[in-house]
Each structure stands twice: as structure tokens, then as C-alpha cells.
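Scroll down for the structure; my scribbles are underneath it.
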Amino acid sequence: MKNIQLYDNFSRSLREFTPLHPPLVGLYTCGPTVYDYAHIGNLRTYLFEDILRRTLEFNGYQVKQVMNITDVGHLVSDADTGEDKMEKGSRRVGKTAWELAEIFTNEFKNDLGRLNIIEPSIWCRATDHIQEQIDFIGCLEEKGFTYRTANGIYFDTSRLPDYGYLGRLDIDGLQAGARVEMSEKHNPTDFALWKFSPTGQKRQMEWSSPWGIGFPGWHIECSAMSVKYLGSFFDIHCGGEDHITVHHVNEIAQAEGCYGTHLANFWMHGYFLQLDEDTRMSKSGTFVRLQTLIDNGYDPLAYRFFCLSALYRTKLNFTWDGLAAAARSLDRLRLAAYEWGEPGGVDEDFVERFTEQVNDDLNMPRALAVTWELAKSDLPASSKKATLLVYDRVLGLHLADWQPSEEKVPEEVLGLVEQRQQARKEKRWQEADALRARISAAGYVLEDTPQGPRVKPGRG
Ligand code: AMP
Ligand code: ZN
């Protein structure tokens, strides 16, 4: 195994990554709140996590990745006030909160697919884990970390001397500055574990609990589900940079309260995509979706390439010019790869150089620079191709099967190729040959390569 350095926000340092239980790596990635489409900022964070996962796999590890779907409990304000985003969203689109969750979960998965983001090993919905969350709160209650107010059960952050360490929170400063009404909270940083349904009002999503009818707070879902699937101390926990000061601080507090661990060995965060120097993209503000890029003529993988051009640990400005440049670079790489033809022997030296960059805290800009060096090198084309396909296990740009657009193969021919594959699988050789003849009659040659069948215009 090669040395991998990753930046851990808990220790605020680059640390050598070694799994707790090799070759397995437990990875928890905070998932979407499904009251609306994901914007391309959200997707930047999922792209960073995909590169992380691919890098770990590239190094020979087996990654068990868990991603939650927040379909209840995320309030409009991270400070536990305001309405539940799902209930509010439900009114906006005139569907039930349950229907809303279904629609936007599917949209989200569709976006991941279009960006060639590998799906997590386990998807888990907050609403499917209410009992686990109740049990977790019960554990915290037993250990004396909770108190009750008129609107819910809260976590008493003053009980943990290290509360807020991940976010380097200035607790005394926060305490002194807490002029704003805290309702009945004891400390400004205390947060809801369980909220009661408002009196006289029936929520769409509510459950009974030992404390009263209501719903879980947002932070408890991630602690409960990550512990369930990965244990009370696992390898890596990820999210966007906004989670460093609130959500992840609170996930850690809950794990410390119940298990005495800080939940994960590494805490990694993707930095924000912004629209210009200071405008952060948010679901409630300016909103650019992946579909918006597609409607403007872009291939979703051009956005993937755009994100690869920046370090995940820096903010990135989205501009249409930047996206256009990324699309051109991607096309150049695709065309080169296409023209190199069939892959031959991998160049180990170039693989080594690429690995060094991705293992250096996912330095994708430098990994791309090595990719261009490979392209310009005097290695034989077949060797360039084979080496590039190794890189593509991390880059995820579908470089093996791209074809220039003037050579796009019609659907009917692709259908024949598919049928022939099936016939071959089932050893119906005669039928397979007949299908090949039909493909040829339609004006296409079919080659069987180690990556599967490939069709090109021409006569076979
Ligand atoms: P949400 O669906 O709002 O719960 O957010 C999903 C993920 O996107 C979280 O990990 C957030 O930290 C992340 N996120 C939110 N806004 C941005 C942004 N502008 N750039 C990058 N990541 C973001
Ligand atoms: Zn989370």
C-alpha cells in the first residue's frame, strides 16, 4: 500500500491515512436534504467525496461508504429555529413531504449518475431510522447530557469540556454574545435532539417517543446512522465546509456523550463553490442545477472536469467561461484518448507519478498536469491509452468509451450490439453472428475489446 496523506480538520493537519481495519475503510458522507434539487455547489462536495473514495479504492482498499438522505428534521435555520425544510418545501410544491422526499431523492441520484459519481454502498433515510435515533437520545439522557424545554429535548453542550473542538469554537465568546433570545436553551450552542410537534398541530412527519410526539433533530440522524452502519469510531467522515462549525461539531458531541469517541478518525470537508468572490451558492438563493448546465449545451462531465481543476480545500468560483474552458480541455483529452486506439502496456512510471499526486491529499490539479504530460510524452499511443485508462479509475471521465460526436452510433445499432452481447453471453453463437452481420449491413464495424464491444462507422 502506498502512503496516502489526507487533511484532517479535527487535528487541522495533513496526516498519513491508515485504515482502522484494513483493507476496509468506513466512510460516512453527509447526504442531501431532499426538499429541492441539488445545486452545483452541493454536487461539488459529492464530487470531492467521489474522488476520495476512488483514490482509496485505487490504493487497494475496500470502501464501505454510507450516505444518508435527510428527509426530516433539518430546520430552516441551523440554530434549531424555524420550520422543517421538508414541511415548508411540501407547501411550496403542493405535494406531501413524503412525495417531496421521493422526488428529490431520485433527482439527486440521477445527478450523481450523470456526474459518474459512484453510488454509496449504503443509502439510509432518516425517516427509516427513527428508532435508532430515539435509542441514541435515550443513551444521552441516561448519561445526563439532555434537558427538556417546552419545545423539545436538548443536548447540554456545557457538559462536554471539549465541545466545539472541531470548529475551534470560542464558547466563552459565544456565551457573552448571546443577546438573541435563546428561548429556553441553557447555552447558545445547545441543540435539539428531539422536537415536539407544535401543540394543536399535526405535522406530516411525526412519531411518538418516550418524550412526546415529534421528530428528531438534524444532527442525531447522522450520529445514529453512522454508528449503526460503521461503528462508533470509523475511518473518515465528510461533508461541506459549513458542517465544520455546527453539524459535525454536534455529531461529535453526541458520539462523545454516548460512546466517548469523536466518531471518526479523519474529518474532511469540501470547500464551497461560489458564484463570485463572496456569493455562496445556496438552495434558498441563486440556484444553478446540473440540468441548467445541460440545458446550456454542456456535458455533465465537463462540470466534473471543472471541479477536478481545483483543490477541494479551496473555494471555487463558478463561471461560464471556466466551464467552457473545462469542456474544451475534456474534449481534447477525449479525442486524444480516442485516437490512441487500443490500449497496450501500462507505463508504471507514469502511474506512480499520478498516484503520488492523488495520494497527496487528492491533488487533482497536479494529477491532471501529469495526465497532460502523459499525453505529450513520446510513449507509444497504446501505452498512453492503457495508462490513461488507469488514471480514469480516479478521474471518472468515461475515457474508455467516448467517441467523437460525428461518429455517434445510432440507437438501433447500439440495440443490435446489446442483443449480440446477450446472445454471446448465452452462447447462442449463430444468432450472435447474424447480429454482427446486421450491424455491418447498417454500416458499422464491431470490435471486441477487453473493455467490451466497440462500434465505429465502416464496413467490417
Ligand atoms: P444540503 O442538501 O443542504 O444538506 O447540503 C448537501 C451538501 O452540500 C452538504 O455537504 C453541504 O455542506 C454541501 N454544500 C452546500 N452548499 C455548498 C456549496 N455552495 N458548495 C459546496 N458544497 C455545498
Ligand atoms: Zn450529517
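If one takes the longest principal axis of the Cα atoms in the chain, at what angle in degrees, from 0 to 90 and to the nearest 10, does the Cα axis of helix 429-441 lie?
80 degrees
Name the residue from Ile213, Leu115, Ile439 whose Cα lies farthest towards the positive end of the charge dipole of the chain, charges +1 on Cβ of Lys and Arg and -1 on Cβ of Asp and Glu.
Ile439
Work out how much length Ala324 to Glu57 would gain on full extension: take 0.36 nm times their residue separation and subtract the Cα-Cα distance, in nm to one decimal.
Result: 93.1 nm gained on full extension.
Kindly put Cys139, Cys222 in sequence by how many other C-beta atoms sit within 10 Å of each C-beta, fewest to most.
In order of increasing Cβ crowding within 10 Å: Cys139, Cys222.
Roughly how many debye, to the nearest 20, is the charge dipole of the range 411-457 about its Cα centre, given +1 on each Lys and Arg Cβ, -1 on each Asp and Glu Cβ, and no other charges?
The dipole of the range 411-457 has a size of about 140 debye.
Taking H placed 1.01 Å from N in the peptide plane, check which residues at least 5 places from Leu115 or on another chain put their amide H under 5 Å from its amide H.
none
Report ³J(HN,Hα) in whole Hz for each residue of the range 84-101, in order, from the Karplus equation J = 6.51 cos²θ - 1.76 cosθ + 1.60 where θ = phi - 60°; Gly and Pro get x.
With coefficients 6.51, -1.76 and 1.60, one gets 5, 4, 5, 5, 5, x, 4, 5, 4, 9, x, 10, 6, 4, 5, 5, 4, 4 Hz.
Quick check: Cα centre of the range 308-332 to Cα centre of the range 351-412, how many Å?
First find each Cα centre; the distance between them is then 17 Å.
Can you list the trypsin sites (Lys or Arg not before Pro) in the range 1-84 that are in a DSSP coil and have 14 or fewer other beta carbons within 10 angstrom?
Lys2, Arg12
In whole angstrom, note down how far apart the Cα centers of the range 154-171 and the range 1-68 are.
If you average the Cα positions of each part, the centres end up 25 Å apart.
Just want to confirm a number: the relative contact order over the range 315-440, from Cα pairs under 8 angstrom separated by 6+ residues, in percent.
Over the range 315-440, the number comes to 25 percent.
Which whole-Hz ³J(HN,Hα) couplings does the range 116-125 yield from phi under the Karplus relation 6.51 cos²θ - 1.76 cosθ + 1.60, θ = phi - 60°, glycine and proline marked x?
Per residue, the Karplus-derived 3J(HN,Hα) values read 6, 8, 5, 5, x, 5, 9, 9, 9, 8 Hz.
Using only alpha carbon pairs under 8 Å that are at least six residues apart, calculate the relative contact order of the range 411-457 and give it in whole percent.
28 percent
Please compute the length gained on full extension between Leu14 and Glu102, using 0.36 nm multiplied by the number of residues separating them and subtracting their Cα-Cα distance.
This chain segment gains 27.8 nm when fully extended.
Could you grab the relative contact order for the chain? Cα pairs under 8 Å, six or more apart, rounded to a whole percent.
Reported relative contact order: 16 percent.
Which percent of Cα pairs goes in each bin when the distances of the chain are cut into 20 angstrom slices starting at zero?
22, 50, 24, 5, 0
Pairs Lys408/Lys456; Lys85/Lys185; Lys2/Lys376; Lys85/Lys228: which exceed 18 Å Cα-Cα?
The pairs that break the limit, which is 18 Å between Cα atoms, are Lys85/Lys185; Lys2/Lys376; Lys85/Lys228.
Which residues' amide hydrogens lie under 5 Å from the amide hydrogen of Ala264, considering only partners 5 or more residues apart or on another chain, with H built in the peptide plane?
Hits under the 5 Å cutoff: Phe234.
Step through the residues of the range 203-217 one at a time and calculate ³J(HN,Hα) from phi using the Karplus curve (6.51 cos²θ - 1.76 cosθ + 1.60, θ = phi - 60°), rounding each to whole Hz and writing x for Gly and Pro.
With coefficients 6.51, -1.76 and 1.60, one gets 7, 5, 10, 8, 9, 8, 8, x, 9, x, 6, x, 8, x, x Hz.
For a bin width of 10 Å, list the pair-distance distribution of the range 124-278 built from all Cα-Cα distances, rounded to whole %.
So the P(r) values, bin by bin, are 10, 38, 35, 15, 1.
Using 7 Å Cα-to-Cβ label points, what is the Lys88/Asp172 separation (nm, one decimal)?
In this crude label model, Lys88 to Asp172 measures out at 3.5 nm.
Nearest 20 debye, what's the magnitude of the dipole of the chain about its Cα centre given +1 on Lys and Arg Cβ and -1 on Asp and Glu Cβ?
820 debye
Bear in mind these aren't lab numbers, they're just calculated from the coordinates by the rules spelled out. These numbers come from a predicted model, not from an experiment. For neighbour counting, all protein chains shown are included, and Cβ atoms are generated from backbone atoms with ideal geometry for every residue, glycine included.
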